[in-house]
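The values are calculated or read from the model by the stated rules, or taken from the named source; none is laboratory data. These figures come from a predicted structure and were not determined experimentally. Counting neighbours? That spans all protein chains shown, and the Cβs are built from the backbone with ideal geometry, glycine included.
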Amino acid sequence: MDKLLIEGGTPLAGEIAISGAKNAALPILCASLLSSEPLHLSNVPRLKDISTMLRLLEQMGVAVEDLGADGLLLNSRGLDNPLAPYDMVKTMRASILVLGPLLARHGEARVSLPGGCAIGARPVEQHIRGLQAMGAEVLVEHGYIQARAQGKGGLTGARIVTDMVTVTGTENLMMAAVLAKGETIIENAAREPEVVDLANCLVSMGAQIAGAGTAKIRIQGVERLHGARHAIMADRIETGTYLCAAAATGGNIRLTNTSAANLDAVIDKLFDTGCELLIERTAITLQAPPRLKAVSIRTAPYPAFPTDMQAQFMAVNCVAEGSAVIRETIFENRFMHAVELIRLGADIKIDASNAMVTGVGHLDGATVMATDLRASASLVIAGLVAQGETLIERIYHLDRGYERIEEKLGQLGARVRRIG
């Protein structure tokens, strides 16, 4: 099993390009199920989760053509197996996103309850209730969600009010609704930029969607969708991760093929640490101060501070001046990285959903273990700062969400290598 060996102490410097967003690409790949015509996608990141999703789609009958630098071409004309088996989806919770499209176009679906990172409960009840409101018959048994559109007419538009803000729930219901009869209104919808990117792709395929990016989305069902071309948005979490890495190491970097438009909360906190940032239309430059200032954060749904950046800011606060409180409100098990950071010499005290982080003069390299995707990123940042060598085990988590991370860090001057 691969590991990452980092020799810390080198400020990051230079320029790299940010990849396409994993959390936008996964639902958009599933959108290919909604049409019998080809969907041409560019700026698709080459990640483990993406390859898992493509294998899942292929076993359903979707033809996938890799066009290299030109992206991917997906054609679901031959869709004939509306099944997402456990052995293919157990490592990736985003597999639930095939449920809505399969039900809308094929009229039935059998989808294994998803797995993924062990950072807390990710209930699928919101997906199921929404589909039931649209007339689907849904049964959960033996670890599978079995859904069928009742009658010959398929799904019917409905007003859906979710009990909680759920990104994948919003995306699943939006994809189901685009082929439903009549109008569907999703209240308490997720406002994340990735939801907007999916909506933009669906609209390019002929869907009628209004309000994406707000708490109320209106979808007018159409009879069919057609083929389209779509470029996946830049990964805002990858962007934030590299900005945090540069800040923690006292570096100076420029990130291209990205935008600060979807990163307001993160950018504001980086300013608070004392970093200087230059914002361009498709690039961001960060210059770190001699010593960062600790900043407190509270995670919440977009546009507030993203839970997917909490671990990275914990690593930043580990070497900042002063103390800060990090409050996690989204997932109950998302402080598992704190124990590993403490192994590197960090001063962190956990109290339920709060973490008190007091900056220390330096961290020391050690062997640590990644527990989930973003926890892995926090350990990389800490390893880049720590004196001596840090060995990160179980980095398959990193490969799920960061494209060529050791190569990109190497371009910025980091001493990082992958070992078997």
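Things worth noting here:
- Exclusive hit being of a type in the set (A, V, I, L, M, F, W, C), touching a residue at least 40 places away in the same chain (Cβ under 8 Å), buried (at least 24 other Cβ atoms within 10 Å of the Cβ) and closer than 17 Å to A31 by Cα, set M174, M134: M174
- Test: residue in the stretch 198-218 that is touching a strand residue (DSSP E or B) at 6+ places or on another chain (Cβ under 7 Å), closer than 16 Å to L131 by Cα and either part of a loop (DSSP other than H, G, I, E, B) or of a type in the set (S, T, Y) (or both): no
- Top-ranked residue in the stretch 348-360 [being out of contact with any helix residue (DSSP H, G or I) (no Cβ under 7 Å at 6 or more places or on another chain) and without any contact (Cβ under 8 Å) to a residue 24 or more places away in the chain; ranked as surrounded by the most Cβ atoms within 10 Å (Cβ to Cβ)]: K349
- For the residues T241, T258, T282, the requirement of being buried (at least 24 other Cβ atoms within 10 Å of the Cβ), β-branched (V, I, T) and more than 28 Å from H362 (Cβ to Cβ) singles out T258.
Okay, residues lined up against (1) out of contact with any strand residue (DSSP E or B) (no Cβ under 9 Å at 6 or more places or on another chain); (2) of a type in the set (D, E); (3) closer than 30 Å to A366 by Cα; (4) modelled with pLDDT under 95:
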{"residue": "E7", "(1), (2), (3), (4)": "no, yes, yes, no"}
{"residue": "T10", "(1), (2), (3), (4)": "no, no, yes, no"}
{"residue": "T52", "(1), (2), (3), (4)": "yes, no, no, yes"}
{"residue": "V62", "(1), (2), (3), (4)": "no, no, no, no"}
{"residue": "M88", "(1), (2), (3), (4)": "no, no, no, yes"}
{"residue": "G116", "(1), (2), (3), (4)": "yes, no, yes, yes"}
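- Counting the residues of the stretch 197-226 that are of a type in the set (D, E) and without any contact (Cβ under 8 Å) to a residue 24 or more places away in the chain gives 0.
- Set G322, G345: member being under 23 Å from N252 (Cα atoms) and in contact (Cβ under 8 Å) with a residue 24 or more places away in the chain: G322
- Just one of (1) closer than 24 Å to G153 by Cα; (2) assigned to a loop (DSSP other than H, G, I, E, B); (3) touching a strand residue (DSSP E or B) at 6+ places or on another chain (Cβ under 6 Å); (4) not small (G, A, S) fails for R110. It is (2).
- Condition check for E328: exposed (fewer than 15 other Cβ atoms within 10 Å of the Cβ) and either free of Cβ contacts under 8 Å to residues at least 60 places away in the same chain or under 24 Å from the mean Cα position of the chain (by Cα) (or both): no
- Hits in the stretch 214-271 - residues which are among the acidic types (D, E) and in contact with a helix residue (DSSP H, G or I) (Cβ under 8 Å, 6 or more places away or on another chain): D235, E238
- Set R281, R191, R254: member being closer than 30 Å to D399 by Cβ and either assigned to a loop (DSSP other than H, G, I, E, B) or at pLDDT below 95 (or both): R191
- Cβ pairs under 7 Å, 6+ apart, first in the stretch 58-83 and part of a loop (DSSP other than H, G, I, E, B), second of a type in the set (V, I, T) and surrounded by 13 or more Cβ atoms within 10 Å (Cβ to Cβ): G71/V44; S76/V62; L79/V62
- Matching residues, the stretch 390-407, being under 18 Å from D49 (Cα atoms) and among the β-branched types (V, I, T): I395, I405
- Of the criteria (1) among the hydrophobic types (A, V, I, L, M, F, W, C); (2) assigned to a loop (DSSP other than H, G, I, E, B); (3) buried (at least 22 other Cβ atoms within 10 Å of the Cβ), which one A246 fails: (2)
- E108 being surrounded by fewer than 18 Cβ atoms within 10 Å (Cβ to Cβ), of a type in the set (D, E) and over 23 Å from the mean Cα position of the chain (by Cα): yes
- Every pair of residues 6+ apart whose Cβ atoms lie under 7 Å, when the first sits in the stretch 280-294 and is more than 16 Å from A261 (Cβ to Cβ) while the second is among the acidic types (D, E): Q287/E276; R291/E321; L292/E321; K293/D272; K293/E321; A294/E321
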